[in-house]
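Please read the structure below before turning to the comments.
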Amino acid sequence: MNAPQGSKLATYMSRGGNAGYSGGNYGPGVPIGGSGGSNPANISQLASDLNNLGLDPNTLKKLSMSGIREFIPPGPPGGGPQGSGGGGPPNNSNSTADNSGSSSPYPGSNYGSGSNPPQRLQPPHTGIGSYGSPRASPTPSGSSSISSMIPAGPQDPAMSAEAAAAAAAAGGDPNMPVHPVQYSDGGTTYFYSSDDMQPTGSEGYMGPNNGMGPAAMGPGQMGPQQQVMLPSYSMYAGTPTHVANMKVRSNVPSFLAENELKLEILKRQHISQAQIDPDSGCQLPTNVDNFTQLCPLEPPPPSPMHKSQTFGYVTSVYKATNTKNGQCVVLRRIHGFRLVNTKCMVLVDQWKKLQHANLVALRQVFTTKAFHDHSMVFVYDFFPGAETLMLKHFNSPNQMAAGNAFMDPFNGGGGTLDPNGRPFAGSHKSQMIRQQAMLTGQNGLLPESVIWTYVIQMTSALRHIHSAGLACRTLDPTKILIINKTRLLLNCCGIFDVLTFDPTSSNPMAAMAHYQQEDLIALGKIVLALACNSFLAIQRENLQTSMEIVTSTYSSDMRNLIMYLLTNPNRLKTVNDLMPMMGARFYNQLDAALTHNDIIEAELSKEIESARLFRLLTKLCTVVDRAELNGDFGWAEYGDRYMLKLFRDYIFHQIMEDGRPWLDMAHVIGCLNKLDAGVGEKVCLMSRDEQNVLVVNYSELRQCLEQSFAECVHSVRGPSMNPVSNSASTVSIGTYSG
């Protein structure tokens, strides 16, 4: 074995002569931790080696407390040879038969006459002993210390007694050899003693260095280290304290409560299963390429020729199911578009590579005639229950009427109409902006924390897109989705790259820099509209009034961000320029995301136990009251099945004195948990005619259930399978395994 030069292990092993190790082999010298500690020559050599390390007295004192057995563990109680249950030495190839005549307890590969050949050593199980990982340094499990190996003088007569006491405190006879187990992993060799290789029983064992025990023993604590026993069953431990005591701050977006979260998930599942009404008269193709079960996600346009204000084409959006994997996706169809050049697919391939938490990923683009025309279809990920930014924050009549201003914000005065179709005067517009600024739920403007949450997410997605050499080009309130109240998603990316592709251009990527600048301008308009709660705020003649509202309501960073994005159009801007304005608000966003993750994990921990009990009930119901098995129609009425039938009645069919059913969910859950764990608690089972009474424990009931279910599983697999032994206690649950 080669140890790193300069390490404690290398110095300890480099001792010449008969000093324990020699060249990585167990030489004919003194056994480690054995009675050889009384040899003055060996002790003097060890003391000299330790002095050569240059350790100060404080370091030597610390080493004396932690023990040299970081590399050399103690032997088993009694210190017997391998044949009697010891760990045995490693079978090194350098060992020779000449060592067989030596007085060493490790005579090479020759274990003497009548001894069994050494067995092949297996890597230690990571779940047993005091080692949490093979790469973790073994921890001393005894109390021998380096101080017992440093002599007071060259001929100290008390050293032999001190070494013997240290070996005895380690748990073995000082006159008996120690048999360490050698295990090499990742270029590092570890030593394990046989007493540390404790077998795992029905309950797990955790050593002192597993995070639940003391990391090291203090001075004077030379007794055995503490051991922690883990249960063999799983059980819900309740809501974590950091979630139960979580205080909702007023300046952060509110998260879903427990019931809201469940309702939201159910809502998404219902939307995912939605289908078109066959009586509605809507004529949609059964299959479009590899997609089926089309269902509209948006109301039909007012007229068949009504074009999208964003794309300039008639568009439709459908939910569909991918026939290859069964997943739900979104199909965005561009009506009447004929693809004349396939060079644009190079950009589509770049979009398909982008993955971001705030971006709806583009999965596929294809042309089809399934709608009886030439249509281009873009396939995106499906987020059921998502709503647009327009619908969430600009849903009042006046706000919707002014929504067209977003596509042409600098259209001059007199171009915008009120809900009655009359043009707004300049002064009237300013008054409308101030009125609409107070429309949000009668609570005034949006909280600044919510706006910064949107800004951070939009800039994060834009940074990812721009770094790939692409541009969003659809940063529009009608194309931005919101889920989970505050999570934002940029949608419909990549469509403009296909619709406006110029096949005559020698470099299609040359215009991307210009499109990226347009993305930042659109970002500034969205932030200003959110801050003023109106799309009228982004018109040129209203900018002064809008900025007055922003300055009087929000921080200077918000004002500077909007001014930077919407002014000086000749200046080259990047998303990274916005970082100083966001500042430490990134930390608030990270804290909110981690807090939401804690809440989701706490809810998930509850459902894990439900799945475990469901699997147990599945096995129980498969066995109890079964009509027949392999032609035996009375199989469920005798043996283990009869006991399980009585236990089923004990859980679910108990009655009160007056004959009414006794319903107690706590009783049901408690019994199922005890059955799953196989505890030793006893239960009294009685037949329905009260003629038979059985007293059994849950461990026996669990064994009966496993054996009976194993018979069903093996019966399904066919008669060619080996029959199940009655002694089997655990089996695979086949297709029911979760």
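The values are calculated or read from the model by the stated rules, or taken from the named source; none is laboratory data. On a predicted model such as this, the values are computed, not experimentally measured, just so you know. Methodologically, a virtual Cβ is constructed for each residue, glycine included, from the backbone with ideal geometry; neighbour enumeration extends over all protein chains shown.
Assess whether Glu518 counts as being modelled with pLDDT of 90 or more and within 23 Å of Tyr313 (Cα to Cα). Yes.
Cβ-Cβ distances below 7 Å connect the following pairs, each with a first residue in the range 626-654 that is closer than 20 Å to Asp676 by Cα, a second residue that is part of a loop (DSSP other than H, G, I, E, B), and a separation of six or more residues or different chains: Arg641/Val624; Leu644/Val624; Lys645/Val624; Lys645/Asp625; Leu646/Ser687; Arg648/Val624; Asp649/Arg688.
Residue by residue through the range 613-648, note down the ones that are not in a helix (DSSP H, G or I) and not acidic (Asp, Glu). Steps first, answer last, please.
In the first step, residues of the range 613-648 are kept if they are not in a helix (DSSP H, G or I); the result is 624-634, 638-639.
Val624, Arg626, Ala627, Leu629, Asn630, Gly631, Phe633, Gly634, Tyr638, Gly639 - these are the residues of the range 613-648 that are not in a helix (DSSP H, G or I) and not acidic (Asp, Glu).
Go through the range 282-310 and report how many residues are free of Cβ contacts under 8 Å to residues at least 24 places away in the same chain and either surrounded by 10 or more Cβ atoms within 10 Å (Cβ to Cβ) or touching a Cys at 6+ places or on another chain (Cβ under 9 Å) (or both). Let's see the steps before the verdict.
Keep residues of the range 282-310 that are free of Cβ contacts under 8 Å to residues at least 24 places away in the same chain, which gives 282-283, 286, 296, 298-308.
Then keep just the ones that are either surrounded by 10 or more Cβ atoms within 10 Å (Cβ to Cβ) or touching a Cys at 6+ places or on another chain (Cβ under 9 Å) (or both); that gives 282, 296, 298, 300-301, 306-308.
Final tally of qualifying residues: 8.
Within the range 323-351, the set of residues being in a loop (DSSP other than H, G, I, E, B) and either of a type in the set (Val, Ile, Thr) or farther than 25 Å from Pro503 by Cα (or both) comprises Thr323, Lys324, Asn325, Gly326, Gln327, Val340. Quick one: would you say Leu646 is farther than 19 Å from Ala710 by Cα and either surrounded by fewer than 15 Cβ atoms within 10 Å (Cβ to Cβ) or among the aliphatic types (A, V, I, L, M) (or both)? So Leu646 fits the description; yes.
Assess whether Val696 counts as being among the β-branched types (Val, Ile, Thr), assigned by TED's automatic domain parsing to the domain that holds Leu617, modelled with pLDDT under 90 and outside any helix (DSSP H, G or I). Before the answer, list the steps.
Values: among the β-branched types (Val, Ile, Thr): yes; assigned by TED's automatic domain parsing to the domain that holds Leu617: yes; modelled with pLDDT under 90: no; outside any helix (DSSP H, G or I): yes.
No; evaluated as a whole, the condition is false for this residue.
The helices (runs of 4 or more DSSP H) located wholly in the range 542-612 that include 2 or more residues which are of a type in the set (D, E, K, R) occupy 556-566. Ile271 meets the stated requirement of being under 19 Å from Phe383 (Cβ atoms) and either β-branched (Val, Ile, Thr) or surrounded by 11 or more Cβ atoms within 10 Å (Cβ to Cβ) (or both).
Checking each residue in the range 276-292 for being farther than 17 Å from Arg363 by Cβ and in contact with a strand residue (DSSP E or B) (Cβ under 6 Å, 6 or more places away or on another chain) picks out Ile276, Leu284.
Could you tell me which of the residues Val379, Val365 is assigned to a strand (DSSP E or B), β-branched (Val, Ile, Thr), modelled with pLDDT of 95 or more and touching a helix residue (DSSP H, G or I) at 6+ places or on another chain (Cβ under 8 Å)?
Details: Val379 fails: touching a helix residue (DSSP H, G or I) at 6+ places or on another chain (Cβ under 8 Å).
Val365 is the lone residue from the list that is assigned to a strand (DSSP E or B), β-branched (Val, Ile, Thr), modelled with pLDDT of 95 or more and touching a helix residue (DSSP H, G or I) at 6+ places or on another chain (Cβ under 8 Å).
Search the range 475-515 for residues being of a type in the set (D, E, K, R) and part of a loop (DSSP other than H, G, I, E, B), and hand back the single one that is farthest from the chain's Cα centre (by Cα). The extreme case among them is Asp502.
Return the pairs, sorted by first residue and then second, in which the second residue is of a type in the set (Lys, Arg), the first residue lies in the range 260-281 and is touching a residue at least 12 places away in the same chain (Cβ under 8 Å), the beta carbons are less than 9 Å apart, and the residues are 6+ apart or on different chains. Matching pairs, first to second residue: Ile271/Lys319; Ser272/Lys319; Ala274/Lys319.
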